[in-house]
Amino acid sequence: MPEGEQDTPKPDVPAPAAAPDPDVSVPAAAPGPDVPVPAMVPEPPDAPAAASPPPQAPSGASPPPQAPAMMAVPSAAPAVVAPPPVLPVVVKRRRRWPLFAVIAGVVALAVIGTAVGIPLYRKLTAPPPTERVLAAAAALATAPALHLTGSVWRAENGSFETFDARVGADTTTAGTISIGGGRADFLVGPRLVRLRGDRRSLLAIEPDVAEYGVGTWLELEPATLNVAFSELTPRNVANRMRDGLRANGSGKYAAVPADGFPTRLGRTAVTPYRLPTGRVAFVTADAPYRLVGFTGKFGISVEGELTAEISVLTSKRFATDYATQERAAGEAPTQPAHYLPDPSSEKRGSCDKRFCAESAIVSADGGDTARPGHVVGLFSSDAAGKHVVGTCQAKLPTLAPNGSGRAWCTTTSASWRKWAADGKTFWFRLIPLSPGWQGDDVHTVLHLLGTGALNDDVVTGYQLSSTGPGEFFGVMDSLVGQGWSAAAAWQATTNLADSGALGIAAPMLRAGTLSVDPKAGPGALEAGSLPFYREARRRYEAHGGKLAVGGYTDPSGTHHTGHLYDVTRRRVVTTVPLTADSMRGLRSQWPDAVERCRNANAPEGFGRDLVLVATPRSPLYWLGADDVARTLRAAGVAGKDLAGIAALTVVTRTGAVAVRASDLG
């Protein structure tokens, strides 16, 4: 290589094709894939091929050079033979899809056979309903403990409460209960109930202890709870499921499918059976059979219905849960003291046209006196205390349990100065508030005293010093402000507290959101009216606004009597409890509910709302929003039935479900 020239690799360059030798014959190349092949017509196999005679060389000339023979032919003289024709090759592909189809068909048949055949086999070989219920009860009877989640509907006032409890075979129970919009933890022992609740739950369960009992573990009587957990042990529940059943029984001694009730509780497929007692048992759809839930009129200390979902707990798990809650309970608190005045000990101090001081001896019982409180004084122009001319307030004296002391109270009010200017006679009464029972809302009590509502013709001094809690005086003050007489307001407030609705209605009344028609009287706040207050509270929490119970006077002055008016949304509301325990019963209840709603006394421009409250007896109680309309349709309810009704709401255990006419077809 010359100097300075690098050894750089060069691309391959194709060599020039050599010129063909004119004396050599070259066979034609086989056609490529892009070259059309002329059609070849094969010769018949039995016809000999016609060969051309070899060319004769001219005389005297040398024979031409022979090309290499393509194939040797035994002949005396060599000959040039043409190459055999190139025939197209036909490739035959094996069709495998029939085999795959056969295999897929076999697999599909196997899957279908498994999916259909096994359930069909189970159905054909399964025991009858009665035997399934008995088998489930037998399995339950020996369980060490149960986990129950359910609810109680009280027939007397339509109240609901829910519970989540763990019940041992020895009746000891630990759990939680939700009632009146509040929540409480509880322990049930052999002879007493320990309960720790928030204010709203205590106002529904035991209003008298709401002031001092919030957040503390109280000792209450077993009958305080509406659920009798001693009747909900594994053996007792099993026995209730067996009631009225006979092995291989028929007719009134057999279990039968319960129409309309759900076929799934949580993630478990179940079959609902109606028992001879009217109860409903939810049993697993397949063996081994076990009880998953039930409804019935047992396990409660009130008239009503109980429903529960159920699962078995191990003895170790139950013992751990119960011990944990028992350790948290600790000792019960000492009840607070009641304070009472001694009217015979009244003593007057300095008194003129500007002010007047009066006093009386106040005594405490043996309760806890650590809570600070007040006394209020009432100066009146009559002995009954109806015409008030002055009020006062002072702190309670510091007393030991079972101790006593004198409390002084001085008025400087303008009403007193006006009255005393003429030197007229007056009467005085001292009222100590017991802060642990009545609270210490001095302003509300003074306002009631100032109106003359708390006079001797309405309430005694002892009642004033022992009635509570603070919500009691708040509700009474609101009713008096709405035009109620003192006596009617006192009775109505007492009814409301007894019904368990004090905690539901009091916030709305104090806020001025809820009005109760004075013309309806104290009966408007009795236990039977609780569903209206519950619905009012639901609407208040949902959208606020003004509500009226018992009646409503429109802007034109026309008075309308009805259960519940949603004044802000301009609706008259009819609430109907669904107590029927079958689809047939639901079908029969529907026309009456619609008729009641259409006949409601609606002011001009008001629409009519129908609210159906499903009790635990009703098939609708168990359902969620997606299934309510479907079940109503199955019961024969149609969209045309809602003519004249602005809105339909169904309240189930999952909440309020709005149902439109289009949902019902």
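What follows draws every value from the coordinates through simple rules; no lab data is involved. It should be emphasised that the depicted structure is a prediction, and the values quoted were computed from it without experimental measurement. Note: ideal-geometry Cβ built from the backbone for every residue, glycine included; neighbour counts use all protein chains shown.
Would you mind ranking 256, 227 so that the residue whose beta carbon has the fewest other beta carbons within 10 Å leads the list?
Fewest-to-most ranking of 256, 227: 256, 227.
Could you let me know the centre-to-centre spacing of segment 141-187 and segment 565-621, using Cα atoms, in angstrom?
Centre-to-centre (Cα) distance: 29 Å.
In terms of modelled amide H atoms, which long-range or inter-chain residues lie less than 5 Å from the amide H of residue 270?
Hits under the 5 Å cutoff: 264, 265, 285.
Past the 29 Å Cα-Cα mark, which pairs from 252/297; 347/395; 395/546?
Too far apart for the 29 Å limit: 395/546.
Order the peptides 642-650, 174-182, 325-333 from the highest to the lowest mean number of other Cβ atoms within 10 Å of their residues.
Descending mean neighbour count gives 174-182, 642-650, 325-333.
With θ set to phi - 60° and the Karplus curve 6.51 cos²θ - 1.76 cosθ + 1.60, what are the ³J(HN,Hα) couplings of segment 386-400 in order, to the nearest whole Hz, using x for Gly and Pro?
Residue by residue, segment 386-400 yields 7, 10, 8, 10, x, 9, 8, 8, 7, 6, 5, x, 6, 10, 8 Hz.
Counting other beta carbons within 10 Å of each residue's own, what order do 387, 560 fall into, fewest first?
Arranged by neighbour count, lowest to highest, 387, 560 become 387, 560.
Sort 153, 427 so that the residue with the fewest other Cβ atoms within 10 Å of its own Cβ comes first and the one with the most comes last.
Listing 153, 427 from fewest to most nearby Cβ atoms yields 427, 153.
How large is ³J(HN,Hα), in whole Hz, for each residue of segment 365-376 in order, when computed from phi with the Karplus curve 6.51 cos²θ - 1.76 cosθ + 1.60 and θ = phi - 60°, using x for Gly and Pro?
7, x, x, 5, 9, 6, 6, x, x, 9, 10, 10
What distance in nm separates the simple spin-label points at residue 170 and residue 570, each placed 7 Å from Cα in the Cβ direction?
Rounded to a tenth, the inter-label distance reads 6.5 nm.
Roughly speaking, what is the centre-to-centre gap between segment 453-489 and segment 241-300 when only Cα atoms are used, to the nearest Å?
50 Å
What does the charge dipole of segment 339-468 about its Cα centre add up to, to the nearest 20 debye, if the Cβ of each Lys and Arg holds +1 and the Cβ of each Asp and Glu holds -1?
500 debye
Across segment 579-653, what fraction of all alpha-carbon pairs, as a whole percent, falls in each successive 10 Å bin from zero upward?
Computed distribution, short to long bins: 18, 54, 24, 5.
Please sort by residue number the trypsin sites (Lys or Arg not before Pro) in segment 398-467 whose DSSP state is loop and whose Cβ has at most 16 other Cβ atoms within 10 Å.
424
Along the Cα→Cβ direction, 7 angstrom out, place labels at residue 634 and residue 592. What is the inter-label distance in nm?
So the two model labels end up 2.3 nm from each other.
Using amide H atoms built in the peptide plane, which far-off residues or other-chain residues are under 5 Å from residue 553 H to H?
It is 560, by chain and number.
When the label point is put 7 Å from the Cα of residue 253 along its Cα-to-beta-carbon vector, which residues of segment 267-301 have a backbone N closer than 15 Å?
Residues passing the 15 Å test: 276-277.
Would you mind checking which residues have amide H under 5 Å from residue 157's amide H? H placed 1.01 Å from N; only 5 or more apart, or other chain.
So residue 157 has HN proximity to no qualifying residue.
Under the Karplus relation 6.51 cos²θ - 1.76 cosθ + 1.60, θ = phi - 60°, what is the ordered set of whole-Hz ³J(HN,Hα) values for segment 143-159, x standing for Gly and Pro?
Ordered by residue, 3J(HN,Hα) equals 5, x, 6, 10, 10, 10, 10, x, 8, 10, 10, 9, 5, 4, 10, x, 6 Hz.
Counting pairs of Cα atoms in segment 339-468, how many percent are more than 27 Å apart?
In whole percent, the long-distance tail amounts to 14.
Straight-line reach from residue 353: which aspartates and glutamates have Cα under 15 Å away, leaving out those fewer than 8 places along the same chain?
Leaving aside aspartates and glutamates fewer than 8 places away in the same chain, those within reach of residue 353 are 422.
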